[in-house]
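Notes to accompany the following structure.
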């Protein structure tokens, strides 16, 4: 069924692109009374009539295949009721109706033999056909991947511009090749001036289309791929690379046409002009064939999940990172020098493309310098990588996962790595080399996917066993989240009650809590709206501080702060134990408190602790203490005011990958 979907999509896309391109090329070429030009125009119009019928038939086939896939039964492709549900109850169906309505209108318009003897009538007829063809092509973006992403209007606009530009350029190549072939023959000499002007106009519009393709293609790649791992580690990304690989020779042929063949068209017809026209037609025909192959890749991408929705499998044994330079100044110097040498080589290569004299020697030298700079700069940045390095965790970074990971760590890992992760466990002395200190900065420098690979497959040279067969996938991700929290907590040991301005870095694990019978809430629900003061308390020592916070609650709420309290012993009757006076109006977790305490006490192990979490989801201050001592009432308000004055300089932390 997938093969049928790709074939139907390709046929429909190719017909739509060629139809739009043929209509635009006729308009660009202009009206002519020369017999050869008129025969070419009639031939292109005949092809357009055939293409619109192919587009309609392939569109119907695409609808049938899509219906069968959505219904999960091949027979649904031929059921009017199922087809009606897709057409009337889905966005894709609505878009299909509009697009094919435009194609039907275009088919009717092309079928009528209009009287276009007057120039204005001719321009109106050809302009109408071009407008309908480009509109029908561009509207397909409303039912593709771009319509299903965050910020869909901008993504659809970029993708629509991409399709329209492809229609103008790729779609117009066959028509231009036919014109060049006709005008290059001796019998077509009457149309050669017309063909020269048409080729030059097309070249200018093609250049503009290429610029639009580059900009919109970059936006599309960022929307649907988003990372190097997405390019090389997913099916969608590799298809995009194949598309770019086909685009390179098309652009190269176009550059040769602009630089050599177009300038020669106006020369002597017998010796230079006609041969140049013939070569231009052949080059354009090759461009058209490569363009059709490119459309085949695009059709396949249309039925492939975008990279952002697919787990990437990193294909290389290394990746580049700045992390190794943090503790090795000498490596940093080497990378800096190598980078400067590479920049010099790149500048020389750019100069070689502009300067004609000594171009080849200069380009060869530039490539040598560029290679030498890369050889000097890249090795210090290379670190080990694995197929799962950029894998998105199946379990989010949240308190319940961290708490579960803590229990698994105690059962399977503490014997070697130690209870606190310092690598000082009693079983570690038997290993070929000492266990890693999981609290050290190097842990945070690795991705969650790196940790998942080591837990799953072990580290043979270090004596670490593989847990892939002993622990389920979710359990291994729980371990990863615990190790990440352990490392982050060690790095945060010096974080105090004062906010460090404009330096968010400590990601707060998400958590779920409820108060009595009320619906559950999560920390993430406050993101972008309110800061959160998370209070871990122990009775009776914390009662005076809770009373103080209750008195400040109104002021804190006015400043955009929610207070969430979680008892460290997690009793189910936490609210009753607080007593009636003074009244506690802020949420006190009766469900979820155990997981919150287990995760956040890694950051603050004292009986009473307060963690100030900003609107972006970062812990910005930690007040550790017994809770009995009265704190300065205005200190907390001042820290909150500090957060409110900050400009949001960083995005919210990724939920799955660090």
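Report whether or not residue 251 is surrounded by fewer than 19 Cβ atoms within 10 Å (Cβ to Cβ) and at pLDDT 90 or above. Criteria met by residue 251. Screening residue 495 on (1) over 35 Å from the mean Cα position of the chain (by Cα); (2) closer than 25 Å to residue 648 by Cα shows it passes everything except condition (1). Kindly establish whether residue 448 is in contact (Cβ under 8 Å) with a residue 24 or more places away in the chain and surrounded by 23 or more Cβ atoms within 10 Å (Cβ to Cβ). When the stated conditions are applied, residue 448 passes them.
Among the residues examined, residue 283 does not qualify as assigned by TED's automatic domain parsing to the domain that holds residue 7 and touching a residue at least 60 places away in the same chain (Cβ under 8 Å).
Here residue 53 clears all of (1) farther than 30 Å from residue 30 by Cα; (2) touching a residue at least 40 places away in the same chain (Cβ under 8 Å) except the condition numbered (1). Just give me the residues in segment 124-172 being surrounded by 24 or more Cβ atoms within 10 Å (Cβ to Cβ) and outside any helix (DSSP H, G or I), in sequence order. Within segment 124-172, 170, 171, 172 qualify.
For segment 17-34, the condition of being assigned by TED's automatic domain parsing to the domain that holds residue 170 and more than 22 Å from residue 180 (Cα to Cα) holds for none of the residues. Taken over segment 499-531, the criterion of being more than 30 Å from the chain's Cα centre (by Cα) and buried (at least 20 other Cβ atoms within 10 Å of the Cβ) is satisfied by 499, 513.
Only one of 93, 72, 21 is in contact with a helix residue (DSSP H, G or I) (Cβ under 6 Å, 6 or more places away or on another chain) and over 30 Å from residue 288 (Cα atoms); which? Answer to the check: 93. Taking the listed residues 288, 264, 349, 372, the one that is farther than 27 Å from residue 387 by Cα, surrounded by 15 or more Cβ atoms within 10 Å (Cβ to Cβ), under 33 Å from the mean Cα position of the chain (by Cα) and free of Cβ contacts under 8 Å to residues at least 24 places away in the same chain is 349, with no other qualifying.
In the set 211, 163, only one residue is at pLDDT 90 or above, under 22 Å from residue 244 (Cα atoms) and touching a helix residue (DSSP H, G or I) at 6+ places or on another chain (Cβ under 8 Å); that residue is 163.
When 217, 230 are screened for being closer than 19 Å to residue 172 by Cβ and out of contact with any strand residue (DSSP E or B) (no Cβ under 8 Å at 6 or more places or on another chain), only 217 passes. Entry remark, segment 420-445: residues being surrounded by fewer than 22 Cβ atoms within 10 Å (Cβ to Cβ), closer than 22 Å to residue 471 by Cβ and either touching a strand residue (DSSP E or B) at 6+ places or on another chain (Cβ under 9 Å) or outside the structural domain of residue 408 (by TED's automatic domain parsing) (or both) number 2 in total. The sole residue among 570, 485 that is in contact with a helix residue (DSSP H, G or I) (Cβ under 7 Å, 6 or more places away or on another chain), under 30 Å from residue 417 (Cα atoms), in a loop (DSSP other than H, G, I, E, B) and in contact (Cβ under 8 Å) with a residue 12 or more places away in the chain is 570. Here the condition is being in a helix (DSSP H, G or I) and at pLDDT 90 or above; of 546, 602, it holds for 546 alone.
Of all residues in segment 112-122, those satisfying the criterion of being touching a helix residue (DSSP H, G or I) at 6+ places or on another chain (Cβ under 8 Å) and surrounded by 10 or more Cβ atoms within 10 Å (Cβ to Cβ) are 114, 116. Going by what's in this entry, would residue 406 be described as outside the structural domain of residue 463 (by TED's automatic domain parsing), closer than 28 Å to residue 617 by Cβ, touching a helix residue (DSSP H, G or I) at 6+ places or on another chain (Cβ under 8 Å) and touching a residue at least 12 places away in the same chain (Cβ under 8 Å)? No.
Checking the condition farther than 17 Å from residue 48 by Cα, outside any helix (DSSP H, G or I) and modelled with pLDDT under 90, which residue from 117, 121 passes?
Matching residue, one of 117, 121: 117.
Go through the residues of segment 420-440 one by one and say whether even a single one is in contact (Cβ under 8 Å) with a residue 40 or more places away in the chain, more than 27 Å from residue 512 (Cα to Cα) and out of contact with any helix residue (DSSP H, G or I) (no Cβ under 7 Å at 6 or more places or on another chain). The answer is yes; a qualifying residue exists.
Tallying residues that are surrounded by fewer than 17 Cβ atoms within 10 Å (Cβ to Cβ) and assigned to a loop (DSSP other than H, G, I, E, B) within segment 1-46 yields 3. Tell me whether segment 393-400 contains one or more residues that are closer than 28 Å to residue 312 by Cβ, touching a helix residue (DSSP H, G or I) at 6+ places or on another chain (Cβ under 7 Å), crowded, with 16+ Cβ neighbours inside 10 Å and at pLDDT below 90. No: zero hits.
A search for C-beta distances below 6 Å between a residue of segment 168-189 that is on the phi > 0 side of the Ramachandran plot and any residue that is modelled with pLDDT under 95, counting only pairs 6+ apart in sequence or on different chains, returns nothing.
Residues considered: 323, 372, 357, 346. Of these, the only one that is over 30 Å from residue 441 (Cα atoms), outside the structural domain of residue 448 (by TED's automatic domain parsing) and modelled with pLDDT under 90 is 357.
The values are calculated or read from the model by the stated rules, or taken from the named source; none is laboratory data. Since the structure is predicted, the reported quantities are computational estimates derived from the model, not experimental observations. Virtual Cβ from ideal backbone geometry, glycine too; neighbours counted across all protein chains shown.
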